[in-house]
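The values are calculated or read from the model by the stated rules, or taken from the named source; none is laboratory data. Quick caveat: nothing in here was measured; it's all calculated off a predicted structure. All Cβ positions, glycine included, derive from the backbone under ideal geometry; neighbour counts span all protein chains shown. These area figures cover heavy atoms from the full protein model, side chains too; ligands, DNA and RNA do not enter into them. Shrake-Rupley method; radii C 1.70, N 1.55, O 1.52, S 1.80 Å.
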Amino acid sequence: MSVVSVGHIVSSVAPHSSLGETVSFAEHFTASEQFDVIFKDGMALVERTAAYLDGAGRKDSKALSAAVNVVYATESMRLTTRLLELASWLLMRRALKSGEITAEEAHVKRRRIRLGSVARPAHVKGFSELPQGLRRLIEESFALQDRIVRIDRALEAARTARVDETMNPVGS
């Protein structure tokens with residue numbers, strides 16, 4: 001039997017004791033307290049980012065050169081977009097967990113959410129000159145994205161396996 005921790009998602013399956021069914025740890029993870037922790041962390045990051053960009057970030061950006069200010073604007077927009085996608089995923093999974101939407105509705109909504117891997121901006125000229133507060137938020141957003149992408153891949157693998165299993169006449 002595999003163990004799921006907050007930082008890692010294990011997508012293996014273990015036999016269910018009496019029914020001969022497999023149990024997806026990825027799906028159980030979404031219904032667990034560990035998912036609640038990621039949800040709270042993600043939404044807190046969204047709130048901290050909004051507070052920074054509306055407060056200290058405005059002040060910090062005024063002290064930047066024109067060239068670095070363009071990098072600031074670009075990276076803050078990318079950060080906001082990334083967090084919007086991550087929050088959408090978290091809210092969709094929470095709605096599924098609470099029974100507000102069906103698994104099929106969640107699958108349709110998931111297809112609209114872009115979790116793709118985006119290049120880290122550390123190589124962008126002027127990135128190191130950005131305020132530490134913005135760089136820290138960007139790093140935290142990528143860490144959250146990495147966690148969510150791992151979970152999402154495991155969930156999609158479990159969903160695909162279920163669909164393949166139900167469509168297999170030999171398996172039936």
Per residue, accessible area of the stretch 58-127 with a 1.4 Å probe, heavy atoms of protein chains only, in Å², comes to 64
At 7 Å along Cα-to-Cβ for each site, give me the label-to-label distance between GLU129 and ALA56 in nm. 2.2
